[in-house]
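Down below is the structure, laid out as structure tokens.
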Amino acid sequence: MKRTIVFYTLYDRFWHWVQAISATLLLWTGFEISYPSVFSGLGFATAVTVHNIAGLILIINAFLALFYNFASGLLRRYVPGIDDFMTLGIRHAHYYIWGIFKGESHPFDKTPEKRLLPLQKITYFGVLNVLLPLMIVTGAIKLSATYLPDIVEMFGGLRVLGPIHRFGAWLFLAFLLVHVYMITTGHTLLSNLKTMLTGSETVIDQPEENA
């Protein structure tokens with residue numbers, strides 16, 4: 001029997017795609033700013049403008065999501081527990097390292113209430129609580145270099161902040177590439193992408209065998 005399960009609300013999908021587009025623009029323009037001899041397209045001045053606007057949109061959207069999840073009590077679903085780092089995380093990692101290539105069934109059932117699985121919780125927790133704040137803080141300080149040079153020097157100057165910000169960008173790119181790969185590991189190649197676009201997924205219940 002087929003059932004349609006709603007995993008993502010309209011707001012969830014809107015937030016996700018705004019963040020995805022903003023992050024992509026930030027990476028694209030950021031690499032053009034940092035490595036102009038390798039990456040080109042918009043031109044330096046336009047790349048800087050787009051980079052700053054995309055960064056502002058991402059920050060606003062992130063804080064709106066924080067408020068929404070805190071007010072709705074859903075923030076806890078992004079917080080991994082001890083088991084996520086230990087037994088559950090190990091089972092999850094084993095599946096993607098070994099089991100998926102042997103045709104094994106996924107060790108966890110995703111539900112609307114538990115749609116973030118152990119490795120997702122750990123990864124998103126690190127991205128949202130470490131990597132994203134690092135990029136926001138270093139980016140904001142770099143942006144103030146022209147107007148508040150003394151503050152920039154307090155943090156080591158652009159010679160320190162620049163490499164840290166670029167290193168964070170490479171980590172963000174790695175996360176994005178893994179995220180895109182994970183999209184393809186659903187029931188079909190594009191089923192996970194379709195779920196994030198429509199918000200729902202059609203599942204087929206297997207009939208129980210008589211004892």
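The values are calculated or read from the model by the stated rules, or taken from the named source; none is laboratory data. Computed from a predicted structure; not experimentally measured. As a convention, Cβ positions derive from the backbone with ideal geometry for all residues, glycine included, and neighbour counts pool all protein chains shown. Each accessible area value is taken on the protein alone, full model and side chains, heavy atoms only, with ligands, DNA and RNA left out. Shrake-Rupley method; radii C 1.70, N 1.55, O 1.52, S 1.80 Å.
Full extension of the chain between HIS179 and PHE70 yields a length gain of 36.8 nm, computed as 0.36 nm times the residue separation minus the alpha carbon distance.
Tell me, what is the FRET efficiency for VAL130 and MET86 to the nearest 0.05, using R0 = 35 angstrom and their Cβ-Cβ distance as r?
On the way: r = 20 Å, r/R0 = 0.57.
Result of the calculation: an efficiency of 0.95.
Taking a straight line from the alpha carbon of LYS114, these lysines sit under 19 Å away, with near neighbours fewer than eight places off in the same chain left out: LYS194. Using the Karplus relation 6.51 cos²θ - 1.76 cosθ + 1.60 with θ = phi - 60°, the per-residue 3J(HN,Hα) values for the range 71-80 come to 5, 8, x, 8, 4, 5, 6, 8, 9, x Hz, with x marking Gly and Pro.
The share of Cα pairs per 5 Å bin across the chain, counted from zero up to the longest distance, runs 1, 6, 11, 16, 17, 15, 12, 9, 6, 3, 2, 1, 1, 0, 0, 0 percent.
The residues of the range 92-142 have, on average, 59 Å² of accessible surface per residue, using a 1.4 Å probe with all protein chains present. Bin width 10 Å, alpha-carbon pairs only: give the P(r) of the range 119-211 as whole percents, running from 0 to the bin holding the largest distance. Computed distribution, short to long bins: 13, 29, 23, 16, 11, 4, 2, 1.
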